[in-house]
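Contents: one structure, followed by commentary.
The values are calculated or read from the model by the stated rules, or taken from the named source; none is laboratory data. Quick caveat: nothing in here was measured; it's all calculated off a predicted structure. Don't worry about glycine lacking a Cβ; one is built from the backbone with ideal geometry, like all the others, and counts go over all protein chains shown. For accessibility, only protein heavy atoms count, side chains too; no ligands or nucleic acids. Shrake-Rupley method; radii C 1.70, N 1.55, O 1.52, S 1.80 Å.
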Amino acid sequence: MQPIPLMNSKAQYAPLVDELKERFAAVLDSGRFIFGPEVEAFEHEAAAFLGVPHAIGVANGTDALVLALEALGIGRGDEVICPAFTFYATAEAIVRAGATPVFADVDPQTLNLDPEDVASRVTPRTKALMPVHLFGRVAPLAELSELGLPIVEDAAQAFGAEGVAQTGACSTFSFFPSKNLFALGDGGLVTCLDDEVAKRVRMLRFHGSHDKKTFELVGTNSRLDAVQAAMLRVFLPYLTRWNEQRREAAARYAELGLGEVVELPLDEPGHVYHVYAVRTSRREEIAAALTQEGIASGSYYTTPLHLQPALSYLGVAEGSLPETERAAAENLAVPMWAGIELEQQERVVEAIRAAVGVPA
Ligand SMILES: Cc1ncc(COP(=O)(O)O)c(C=O)c1O
């Protein structure tokens, strides 16, 4: 029996290996590994794809968040509201920028920030909101922007999702190899709507300088490699199709009756299903049954950020973010990638139905 992984970037890049090798060879021939034409071309292509004026390649999605906050002048004494049901880097970046994360609860239907709960946590020190487009679903940006605060969209999981990067002063992306748009190593991107903010991100990613002679800001070294930019340029034209395939796979899970035994993610137009996470109170038995059948599954953010040791100094008690804690206890991600086959999805659904005693 063939094992079924949770994600499978290799299945996506396998048909493109010859082209990837050619583009890698071209970078080798050029001898330009830092900045240069590949990085510039990718930044232009990514900006055009997203419909934004500025896109700046950086080393990873975590740095992208820190640089965006710093470029917006957010730091010591400032509060930034974000979810606690997200990858640690979201809040870590706020702390690295010198500010304080303030956690708001999530909407149980979408697992994204609940705008009402966000509104209740705004104080005079709140300087930005950092919604996460969790699992590829766009956060409620229209409602959040009514609060009149700058927004940094953590879009690490949502390249190509409808409406991403259009609202936030900055939006950030990760090209970690499991993401919808991925590199063959680390990579990240910051997009900005404002020219001055974009200029600051460009300087901050390169030691606060634009010419390596005069250093106007204290920045860092956070660059997207030319090799990764070249690989990303191969993948970007396929992304729309890949995201459609993910949506098709999500629809197939519903058609196969998975929703009769677990709670499916609410389908919304533009959701790009970076992760396909169902909800169930029987997670452990289902995961064990899947493992028995050679099928991988995963549970995300099982210790939400307010309960992580490094952030205990914030003093957010257990029980204070009830929907976050319920999502942490109940989410179960099942296999999803662009090109997952019908038979593989059938095996997943059969195994889950059998585990809960409702065979097809
Ligand atoms: C929501 C979220 N934010 C930030 C990051 C950080 O990205 P990276 O791993 O590229 O630093 C990730 C991904 O890993 C993520 O999922």
**OP:** Can you tell me the FRET efficiency between residue 45 and residue 284 if r is taken as the Cβ-Cβ distance and R0 is 51 Å, rounded to the nearest 0.05?
**Re:** 0.70
**OP:** Nearest 5 is fine: what % of DSSP beta bridges in the chain come out antiparallel, could you say?
**Re:** 60 percent
Original post:
Which FRET efficiency, nearest 0.05, do residue 292 and residue 24 yield, Cβ-Cβ r, R0 45 Å?
Top reply: 0.65
Original post:
Label points 7 Å out from Cα along the Cβ direction at residue 166 and residue 207: separation in nm?
Top reply: 4.0 nm
Subject >> Dipole magnitude of segment 240-355 about its Cα centre (Cβ charges: Lys, Arg +1; Asp, Glu -1), debye to nearest 20 >> reply: 220 debye
Original post:
Highest mean first, what order results for 30-42, 164-176 on Cβ atoms within 10 Å?
Top reply: 164-176, 30-42
Subject >> Value of relative contact order over the chain, rounded to a whole percent, pairs C-alpha under 8 Å and six or more apart >> reply: 22 percent
**OP:** Enumerate the residues in segment 308-337 having an amide nitrogen under 17 Å from the point lying 7 Å beyond the Cα of residue 125 toward its Cβ.
**Re:** 311-317
Original post:
Beyond 27 Å, what share of the Cα-Cα pairs of the chain remains, rounded to the nearest whole percent?
Top reply: 48 percent
Subject >> Fully extended contour minus Cα-Cα distance, from residue 147 to residue 11, at 0.36 nm per residue >> reply: 44.7 nm
Original post:
Roughly what would the spin-label model give for residue 1 and residue 76, points 7 Å off Cα along C-beta, in nm?
Top reply: 5.9 nm
**OP:** For the chain, please report how many Lys pairs fall under 30 Å Cα to Cα, leaving out neighbours fewer than 8 apart on the same chain.
**Re:** 8
Subject >> Per-pair calculated FRET efficiency, R0 = 30 Å: residue 255 and residue 302 via Cβ, rounded to 0.05 >> reply: 0.55
Original post:
For labels at residue 33 and residue 342 in the simple 7 Å Cα→Cβ model, what's the distance in nm?
Top reply: 4.7 nm
Subject >> Probe 1.4 Å, accessible area per residue of segment 240-355, Å² >> reply: 44 Å²
